[in-house]
Amino acid sequence: MMTNLFSSFDPSTNIMNLSLNWMSTLLGLLMIPMTYWLIPSRLNIIWINILLTLHKEFKILMGPYNYKGSTLIFISLFSLILFNNFMGLFPYIFTSSSQLIMTLTLALPLWLSFMLFGWINNTQHMFAHLMPQGTPPILMPFMVCIESISNIIRPGTLAVRLSANMIAGHLLLTLLGNTGPMMNSMLISLLIFIQLLLLTLEFAVSIIQSYVFAILSTLYSSEVI
């Protein structure tokens, strides 16, 4: 029995008092050697095509100043978040991407490195970016404040967006699942159908949120060059 609704996001999985909650995040490393076979499977071919499509899209977003291999970090970020989102869809598995400590760990170092790179190497460009073109002189101080605040809260919005979207769907599934014992057989069949629809929606949300996180990170990096 759950003590509160959010306990479903932090299951006490342990062996000999050794916490295994974050083990699901590391399971992806076991699957990497599969991609090094001489003859790839259909699944690997699909995954390679997805990564190539992402590479082309990120390359366009980063503009003419992108360096060779610069899209790899964003493709790796997309793959990591997608894997963790999918792992959270399985019952009794810790959803690491719903924890702020995980999402902030991904967003904050990226944003900080972009800001340091931009202010050290392209200081004039960064100052110019604080003032949108065509701003009336009377509004210039306010626009600088607004742009500065929007820059500062970017890692927070990236982190909260991902964790909140993952929590929302899982919480709805948990709430509906807890009403099952109080229903008759006809309502339970309807509940199972609704749960399957919600699970399909969560599957789509997992893909969309990992894509949004990677795309926004790419856009933030393109602004500092």
(request) Take THR71 and decide whether it is touching a Leu at 6+ places or on another chain (Cβ under 6 Å) and either surrounded by fewer than 16 Cβ atoms within 10 Å (Cβ to Cβ) or polar (S, T, N, Q) (or both). (result) no
(request) For the stretch 8-30, name all the residues that are in a helix (DSSP H, G or I) and modelled with pLDDT of 75 or more. (result) MET23, SER24, THR25, LEU26, GLY28, LEU29, LEU30
(message) Suppose we filter the stretch 150-198 for residues that are more than 18 Å from the chain's Cα centre (by Cα), aliphatic (A, V, I, L, M) and under 20 Å from LEU110 (Cα atoms); how many remain?
(response) 1
(request) Kindly indicate the residue of the stretch 38-50 that is among the hydrophobic types (A, V, I, L, M, F, W, C) and in a helix (DSSP H, G or I) and also modelled with the lowest pLDDT among those meeting that condition. (result) LEU43
(request) Go through (1) touching a residue at least 60 places away in the same chain (Cβ under 8 Å); (2) of a type outside the set (A, V, I, L, M, F, W, C); (3) out of contact with any helix residue (DSSP H, G or I) (no Cβ under 8 Å at 6 or more places or on another chain) one by one and return the number of the condition SER185 breaks. (result) (1)
(message) Criterion first (of a type outside the set (A, V, I, L, M, F, W, C) and closer than 30 Å to PHE83 by Cα) does SER222 satisfy it?
(response) yes
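Do you know which residues across the stretch 108-122 are modelled with pLDDT under 85 and assigned to a helix (DSSP H, G or I)?
Within the stretch 108-122, none qualify.
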(message) So if I check each of THR105, THR53, THR3, THR35, which one is exposed (fewer than 15 other Cβ atoms within 10 Å of the Cβ), β-branched (Val, Ile, Thr), farther than 26 Å from THR174 by Cα and at pLDDT below 85?
(response) THR35
(request) Select from the stretch 39-79 the residues that are in contact (Cβ under 8 Å) with a residue 60 or more places away in the chain and either farther than 22 Å from SER221 by Cβ or among the aliphatic types (A, V, I, L, M) (or both) and list them in ascending order. (result) LEU54, LEU61, MET62, ILE75, LEU77
(message) Just to verify a result, which residue in the stretch 74-99, among those that are modelled with pLDDT under 90 and in a helix (DSSP H, G or I), is surrounded by the fewest Cβ atoms within 10 Å (Cβ to Cβ)?
(response) MET87
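The values are calculated or read from the model by the stated rules, or taken from the named source; none is laboratory data. Every value quoted in this text rests on a predicted model; they were computed, and no experiment measured them. Every residue, glycine among them, receives a Cβ derived from its backbone with ideal geometry; neighbour counts consider all protein chains shown.
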